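Data first, discussion second: the structure below is written as structure tokens.
The values are calculated or read from the model by the stated rules, or taken from the named source; none is laboratory data. For clarity, every value in this text was computed on a predicted model and none was experimentally measured. Virtual Cβ from ideal backbone geometry, glycine too; neighbours counted across all protein chains shown. For accessibility, only protein heavy atoms count, side chains too; no ligands or nucleic acids. Shrake-Rupley method; radii C 1.70, N 1.55, O 1.52, S 1.80 Å.
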Amino acid sequence: MNPTVLAAPAADGMSWLQVIVLSVLQGLTEFLPVSSSGHLRIFSTWLFGADAGASFTAVIQLGTEAAVLVFFFKDIVRILVAWFRGVFNARHRDDPDYRLGWYVIVGSIPIAIIGFFGKDLIRDAARNLWITAIVLIAFSFVFLLAEKFGRQDRPVDNQSLKGLTMKDAVVMGLAQCLALIPGVSRSGGTISAGLFLNMSREAAARFSFLLAIPAVLASGLFSLPDAFEPSVGQSATGVQLIVGSVVAFVLGYAAIAWLLRFVQNHSLAWFAGYRIVLGLVVIALLATGTIPAT
């Protein structure tokens with residue numbers, strides 16, 4: 001495609017170059033504990049001079065969430081079958097997968113409530129870049145504390161998640177709410193919570209991915225109309241949203257596979273270091289007036 005066409009702004013807001021770059025960022029960062037929403041907020045302003053908006057972010061997250069559905073397809077089907085079987089037949093309610101289904105449902109309730117009633121704050125005030133930069137740095141120390149104090153000795157199976165409890169679901173569900181603030185990271189918040197609950201990194205990451213499915217799907221579908229005519233941020237065409245979601249899907253699938261291997265033997269401290277550096281760079285850009293905060 002002609003580079004001048006890519007760089008040219010769409011009639012109603014975003015250029016193709018902006019859509020592709022932000023979709024690549026979304027795919028690479030959604031599942032890493034570095035905050036995909038924070039990265040999109042920062043680089044959209046830094047490279048293109050404007051915030052693409054929370055609605056665009058929520059919609060292309062459908063692409064990365066599709067990657068979760070494909071990657072964990074067998075697990076999801078197993079959990080759904082067990083859950084429906086248990087709902088209609090009490091004899092099957094001892095199945096760990098039946099309980100896991102409830103854990104995902106219960107863990108999704110906090111972010112559904114806060115996301116719905118706080119949608120205006122999330123789309124506007126919470127996207128200030130000073131907040132994003134400070135949160136990137138501050139929450140990095142949560143990672144480090146989780147690594148230091150989490151014993152990772154809980155008998156929770158890394159694959160089936162057998163041994164997970166309702167308390168785990170509630171705590172990690174509450175931690176997921178923090179991801180509504182750009183800079184926190186959905187996976188970082190939930191994995192850290194799992195570590196504080198003494199789960200292994202791999203088990204915490206696996207449940208984090210499952211827990212994100214209802215929240216991200218609901219957020220993306222709810223934000224779809226606003227992405228075309230956003231109250232805050234830029235608009236995108238239907239074709240741009242589709243292409244962006246496909247790009248995010250492909251890279252997101254690869255990121256899931258990589259992260260699950262990485263956390264088996266590596267600390268979240270690696271990501272904490274990166275987040276601190278990025279946060280300091282953003283603060284420097286804001287302080288020098290290179291990029292605007294809003």
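Looking at the stretch 212-260 only, could you name the residues that are modelled with pLDDT of 90 or more and hydroxyl-bearing (Ser, Thr, Tyr)? Once the filter is applied, which keeps residues that are modelled with pLDDT of 90 or more and hydroxyl-bearing (Ser, Thr, Tyr), the stretch 212-260 yields 245, 253. Applying a threshold of 8 Å to beta carbon distances and a minimum spacing of six or more residues, or different chains, the list of pairs starting in the stretch 37-54 at a residue that is at negative phi and ending at one that is crowded, with 18+ Cβ neighbours inside 10 Å and of a type in the set (Asp, Glu) reads 41/51; 44/51; 45/51. Against the numbered list (1) in contact (Cβ under 8 Å) with a residue 24 or more places away in the chain; (2) under 22 Å from residue 127 (Cα atoms); (3) of a type in the set (Ser, Thr, Tyr), residue 288 comes up short only at (1). Residue 146 passes every criterion in (1) surrounded by 16 or more Cβ atoms within 10 Å (Cβ to Cβ); (2) not in a helix (DSSP H, G or I) apart from (2). Scanning the stretch 261-288 for residues that are of a type in the set (Lys, Arg) and either farther than 15 Å from residue 130 by Cα or surrounded by fewer than 16 Cβ atoms within 10 Å (Cβ to Cβ) (or both) turns up just one, 261.
In the set 55, 35, 15, only one residue is in contact with a strand residue (DSSP E or B) (Cβ under 7 Å, 6 or more places away or on another chain) and not aromatic (Phe, Trp, Tyr); that residue is 15.
Quick check: anything in the stretch 88-101 within 16 Å of the chain's Cα centre (by Cα), of a type outside the set (Val, Ile, Thr) and more than 27 Å from residue 195 (Cα to Cα)? No, the stretch 88-101 contains no residue that is within 16 Å of the chain's Cα centre (by Cα), of a type outside the set (Val, Ile, Thr) and more than 27 Å from residue 195 (Cα to Cα). The C-beta contact set for the stretch 266-282 (first residue of a type in the set (S, T, N, Q), second residue open to solvent by 20 Å² or more (accessible area, probe 1.4 Å), distance under 7 angstrom, 6+ apart or interchain) comprises 267/147. Filtering the stretch 88-112 to residues that are modelled with pLDDT of 95 or more, open to solvent by less than 50 Å² (accessible area, probe 1.4 Å) and among the aliphatic types (A, V, I, L, M) leaves 100, 104, 106.
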